[in-house]
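Take a look at the structure set out below.
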Amino acid sequence: MLQDISNRRRTTLEVALDDLEGYSKEAELVARLERNTQQYLALLAEAADNIMPSATEDNLPEDVFDVLVDQRRRAQEMHRAQMEVEGRGDGGAGADPNLALPPSLLRRYEVLVHPRSKAVRSTMRGISAECIGSLVTFKGIVTQVSDVRPLLTVATYLDDQTGFEIYQEVSGKSFNPLLEAPGEVKKQNGGKSELFMQVRGSKFVKYQECKIQESPDEVPQGSTPRTLMVHLRGSLTRSLKAGDSVTLSGIFLPEPYTGQRAMLRASLLTATYMEVMHVKQNKQSYQEMALSEEQRAAIEAMTEEGDIYGRLANSIAPEIYGHEDVKKALLLAMVGGVSKVLPDGMKLRGDLHACLMGDPGVAKSQLLRYVAHISPRAVYTTGKGSSGVGLTAAVMKDPTTNEMVLEGGALVMADKGICCIDEFDKMEDTDRTAIHEVMEQQTVSIAKAGITTTLNTRTTVLAAANPAFGRYDVRRSPAENINLPAALLSRFDILWLMLDRPSMEQDLSLAQHVLTVHRDGRPPRPTGAAHLPPEMLRAYIAAAKQHEPFVPENLTDYIAAVYAEMRAEEAASDIPHSYTTARTLLSIIRLSQALARLRFADSVEQSDVDEALRLMKMSKASLYDDNDQQRAADPISQIFGRIRQHAERTKRTTYSWGDLMDFLGTSFKPEQIRQCLVDYASINVWQLAGGDGEAPSIELAAA
């Protein structure tokens, strides 16, 4: 590396602490370097300067740096010779450090330290005042990146009387310029000289600031995520962008402040930053997980037991009763399909989007919360608590430079993860339009405040919403209940309606399940295999995502025929129940690939396609069920059905007009209720009481 630096092929000297630990005979050397990294960086650079070899290549191009260094060395030699002639020895440039050439001014490289592989990674909340000056490593998400700017490291001043160059090393991003010349210079110019800063003779390095936010899985419940400002220099600049999940290693330092508030800021230590030494881009959250040997053995044992698909689905939120098919759909959404990049650059997403719509109290939010808890990289937000800017990206003003910078939103932070959006129907239409591009193109195009760019949002969107009228109204069409635009609905791979319908058997089972959870503090024991803990479920999904199954040629005709049949059924229907487009075909493929991943298979089988079609059919069945028959019935028949159901449930035999208006008046007109009473009294279903001008009442027949 030193030879490459001398030949100007390399600009970094990278020191791996694993190598240093294996080479050094001192057991505490690496530990001391980790505790006092800033000082040891200077020692490493000094040692590299002492053994720097000569260039082995001829005709190296000469730049401004070479000319300035040559001129400065000759000026130093002339000054030293003059001092010796005058009998003052080398007391001039050698005695005053401001007159000597700083070693950092002559270096063409920077020293970077790579942490030990077995070093303990800190959490952002674990970085405290005790870590100042030491090497720390933590994981986070990039939320804001500034432009690359020049950072002054050595300031050069010129004395207008003597022509001497005075140097000032700058350690931070702010400094106090020298106002007076050194004492040696004052002796020669009588103290009347003035210093002028020479920008051309100073040394600048590339410099960039990034704001890192705490990873969602490390944020305690109910707490706001913390942020830390990091500084990137030299070759590390432009290595990060908003939305990246990274592991950073660097030196934790207090921010040097100048001026009247310097003592206050230094004492409170409120302003801190980290000078980055090493950047590691994290892969997809599940794929970066390192499975232990115990987890691998447990996964192999589970695959041999069989019915792993059902067991994994039942392990999702076991405290919630029922919803087996919904949990299977959520499982497939967490596993996802295979993303592909075509030769012409077009991308086909593999993420599965799902929307749960239904009545209040059917555990939609709880299911989303559990999915956000399981996924290593997940962001949970709500419709009213999120704006279009909060979901995509916001333009902020840098307090240091007053420049406009981008700060990533929830979808950008959930890149390669899952974004759970609760209360999806409560969002404003203008905010909801920001999701259209995200769900299909998986990018966010920004053109704000002179900043035009595209950010990656390769995320799975899980949404939960209530119908347009709070509860699902069976008398209205699905389009009226699901008050979402067709362009958005077609982007969801699965749209599932979860209705809360009274059923004596189901309600008893649900009540017993809930009471058991509250009494024992855990879900009831399943009749089959035990539920998997969240860690094991997360590990299995991580192992499944390592596979990239493909659709074999012998299944293409089958899938194409199924898609054509679905389109024909929709065209033949008087009221289309869904929006079957080419995206539906891609949804079938993605669901099939997710099922193949759960089997650790490299190709999709027909059973996977059949299960994907069954889930899509069940989602539509839950969406429409037998509502078509209820909507087709006339109001008179619906009123009779309501009275009959109420009588069977309450065992009542007589109803007054007030009773009827209590549970029918909100859904039907009084004229319709009167007509129903008259019509069914004429066929002796019930007896009608009350004369002309009186409110009628009924007495049911014995039958």
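Miscellaneous remarks
- Checking Tyr167 against (1) over 30 Å from Asp63 (Cβ atoms); (2) touching a residue at least 60 places away in the same chain (Cβ under 8 Å); (3) hydroxyl-bearing (Ser, Thr, Tyr), the condition it does not meet: (1)
- Residue check, Gly383 modelled with pLDDT of 80 or more and either of a type in the set (D, E, K, R) or surrounded by 14 or more Cβ atoms within 10 Å (Cβ to Cβ) (or both): no
- Those strands (runs of 3 or more DSSP E) lying entirely in the stretch 337-455 with at least 3 residues more than 19 Å from the chain's Cα centre (by Cα) and in the same structural domain as Leu510 (by TED's automatic domain parsing): 354-358
- Residues of the stretch 20-38 satisfying the condition of being under 18 Å from Glu130 (Cβ atoms), in contact (Cβ under 8 Å) with a residue 24 or more places away in the chain and in a helix (DSSP H, G or I): Leu33, Glu34, Arg35, Thr37, Gln38
- Qualifying residue in the stretch 171-191 (condition: without any contact (Cβ under 8 Å) to a residue 12 or more places away in the chain, surrounded by fewer than 19 Cβ atoms within 10 Å (Cβ to Cβ) and part of a helix (DSSP H, G or I)): yes
- All conditions in (1) surrounded by fewer than 23 Cβ atoms within 10 Å (Cβ to Cβ); (2) touching a Leu at 6+ places or on another chain (Cβ under 8 Å); (3) modelled with pLDDT under 80 hold for Leu406, with the sole exception of (1).
- Contacts under 8 angstrom Cβ, first residue in the stretch 397-422 being under 20 Å from Asp351 (Cα atoms) and among the hydrophobic types (A, V, I, L, M, F, W, C), partner at pLDDT below 75 and in a helix (DSSP H, G or I), 6 or more apart: Met413/Pro216
- Applying the criterion of at least 1 residues that are over 14 Å from Leu332 (Cβ atoms) and modelled with pLDDT of 85 or more to the helices (runs of 4 or more DSSP H) found wholly in the stretch 582-652 leaves 582-598, 606-624, 635-650.
- Leading residue by the ranking (surrounded by the most Cβ atoms within 10 Å (Cβ to Cβ)) among those in the stretch 1-39 that are modelled with pLDDT under 85 and of a type in the set (D, E, K, R): Glu26
- Test: residue in the stretch 208-220 that is touching a residue at least 12 places away in the same chain (Cβ under 8 Å) and more than 31 Å from the chain's Cα centre (by Cα): no
- Any hit, the stretch 522-531, residues being surrounded by 14 or more Cβ atoms within 10 Å (Cβ to Cβ), under 32 Å from the mean Cα position of the chain (by Cα), without any contact (Cβ under 8 Å) to a residue 60 or more places away in the chain and assigned to a loop (DSSP other than H, G, I, E, B): no
- Here Thr153 passes the criteria (1) within 30 Å of the chain's Cα centre (by Cα); (2) modelled with pLDDT of 85 or more except the one numbered (1).
- Complete set of residues in the stretch 638-672 that are among the β-branched types (Val, Ile, Thr) and under 19 Å from Asp473 (Cα atoms): Ile639, Ile643, Thr666
- Taken as a whole, the stretch 72-87 holds no residue that is assigned to a loop (DSSP other than H, G, I, E, B) and in the same structural domain as Val111 (by TED's automatic domain parsing).
The values are calculated or read from the model by the stated rules, or taken from the named source; none is laboratory data. The shown structure was predicted, so the numbers you read here are calculated from the model rather than taken from an experiment. Quick reminder, even Gly has a Cβ in these numbers, built from the backbone with ideal geometry, and neighbours come from all protein chains shown.
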